[in-house]
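The values are calculated or read from the model by the stated rules, or taken from the named source; none is laboratory data. On a predicted model such as this, the values are computed, not experimentally measured, just so you know. No Cβ is skipped: glycine too gets one built from the backbone with ideal geometry, and neighbour counts run over all protein chains shown. Heads up: the accessible areas ignore ligands, DNA and RNA and are worked out on the full protein's heavy atoms, side chains in. Shrake-Rupley method; radii C 1.70, N 1.55, O 1.52, S 1.80 Å.
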Amino acid sequence: MDWIKQNKALSIVLMVVVVALIASVIAITSMKDGNITPGTKPTAAPTGEPTPVPTEEPLTYTEITFLSVGDVMYHRPQLRVAKKGDIYDFTDNMKYVKSIIQSVDYAAANFETTLSNPDVDFLAAPQFPSFNAPDSTVDSLKDAGFDMLFYSNNHCYDFDGAGLKRTLKVFAEKGMDFIGSRPDENSKSYKVVDVKGVKIGLINYMQEIGSEGSTVRINGSSVAPEDLPLIDTFNHNNPEPMYQEIESRMKELENQGADIIIVYMHWGEEYDLEPNSSQKAIAKKLCDMGVGALLASHPHVIQPVEVITSADGKNVMPCFYSMGNFISNQNRDNINKTNGIYTENGLMPILTIKKYSNGETVVSKLDYVSTWVHNNAYKSYTIIPIEKALSDPSAYGLSSGSKIQAAKDMTDGLVKAGIEQYNSQWKDPYPEATLLS
């Protein structure tokens, strides 16, 4: 009986082994047929429904326009015309360009005077080389549509620190943005402005004039040590400290959300139609640093537009070396220079800026409006938008279009080639993107 029990047990063991071997053979065969991948679980039978594929959000962009002008100056003949009883009214200066300025999303101008003393007799007080103008000049600029005033230039310190601070105080009271100077060391002289969701970082520096050693001079005036931190200046013989400061400020502005950086420089030689070597070297360096656009003035005449590419080829920057005079009394009769006639002409660059939904932000197009100051034999001062006025000079108070045609030819000869080069060279990196409504 024990022998029979042992044989039964052995038979059971053999049967288990055989079943296991058969199962293994079936599994191996299935793997060879590709039905199951070793180390993975069998997939569920298809249901006939397609598996959803994640889709990317469609690329969109926001588009804004940024306008700038050059030197805004007020000489005694302009003040005389603006005096109406007990007030000074400058709104007529910009009546023909007001619609252009108000059509853009953000506009900035170089305010080249002070508001140091509102109580003086403006028609009797000296007006050169130190400028002082009525507060209503700012009212006229704001009424025309300007949002920001650049205020690091060679006349901002004409009446020392007190004049600088009062001018900035009036800007603030009248709701004007400003950069280039600050009222105290707790304030900033550079800023980010949010224009319809596009954040622009803005910086403004001025070339010192006559500095020696540690003494900084602006327009012949020595800047008091306590006022030095209030004005953004540079020495063209040693621009390295400015580069370091701009680099630091660019990082700060980008940390504040700036999508693009625009720099305004007050530099160059007065009445020269071409930029000097210092201007060119600084412009190239700023492009290498990643500045998106460079605007400038001070020569009181328009200088060429250049398209600059950074050393690494990653940044292409439009550079307006000088935008000329926007409003002043300078003209062919009182500027005893070869290029005196050019002081009547101004340039209003208009930058179209695109911000894509992936964060990339570029200057996508350049436009410009050529202007000419009509002083009407010193009886009125109006800024003429040349292109519009050529079609009907009389509607703009002109007896003919000959002078404005000549002004247009002068301006086109200086800037048209550079602007056309930028526009033809720029290629949309995302042509499939759609405008965000």
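Some points to look at:
- Highest mean packing comes first when the peptides 355-368, 108-121, 210-223 are listed by Cβ atoms within 10 Å, giving 108-121, 355-368, 210-223.
- In order along the range 234-241, the phi-based Karplus estimate (6.51 cos²θ - 1.76 cosθ + 1.60, θ = phi - 60°) of 3J(HN,Hα) comes to 8, 9, 5, 7, 8, x, 4, x Hz; Gly and Pro are listed as x.
- Phi angles across the range 286-294 convert, under the Karplus curve 6.51 cos²θ - 1.76 cosθ + 1.60 with θ = phi - 60°, into 3J(HN,Hα) values of 5, 5, 4, 7, x, 5, x, 7, 10 Hz, Gly and Pro given as x.
- Antiparallel %, DSSP beta bridges [both residues in the chain], to 5: 60 percent
- The residues of the chain present an accessible area of 48 Å² per residue when probed at 1.4 Å with all protein chains retained.
- Helix-only arithmetic for the chain: the sum of -39500 (n - 2.57) across DSSP H runs with n ≥ 4, divided by the residue total, places the mean residue ellipticity at 222 nm at -9000 deg cm²/dmol.
- Potential lengthening between Glu247 and Asn376 on full extension [0.36 nm per residue; Cα-Cα distance subtracted]: 41.8 nm
- For Asp177 and Glu56, a Förster radius of 30 Å and the Cβ-Cβ distance give a FRET efficiency of 0.20, rounded to the nearest 0.05.
- Database remark: amide H of Ala107 closer than 5 angstrom to the amide H of Leu67, Asp147, Met148 (H placed geometrically; neighbours at sequence offset of 5 or more, or on other chains; Pro and chain starts carry no H).
- Segment Leu436..Val120, full-extension length gain: 108.6 nm, with 0.36 nm per residue of separation and the alpha-carbon distance subtracted.
- Between the range 366-437 and the range 91-134, the Cα center-to-center distance that results, in Å: 22 Å
- C-alpha center-to-center spacing [the range 188-245, the range 139-153] in angstrom: 19 Å
- Filtered trypsin sites (Lys or Arg not before Pro), the range 243-325: DSSP coil and at most 16 other beta carbons within 10 Å: Lys314
- Listed residue pairs exceeding 23 Å between alpha carbons, taken from Lys355/Lys408; Lys199/Lys280; Lys284/Lys427; Lys98/Lys191; Lys285/Lys314; Lys165/Lys191: Lys355/Lys408; Lys199/Lys280; Lys98/Lys191
- Of the solvent-accessible surface of the chain, computed with a 1.4 Å probe and all protein chains present, 53% belongs to carbon and sulfur.
- Residue among Met289, Met317, Met206 with the largest mean-square fluctuation in a Gaussian network model of the chain, springs linking Cα atoms under 10 Å: Met289
- Under the Karplus curve 6.51 cos²θ - 1.76 cosθ + 1.60, θ = phi - 60°, whole-Hz ³J(HN,Hα) for the range 217-224, x wherever Gly or Pro sits: 10, 10, 6, x, 8, 6, 7, 4
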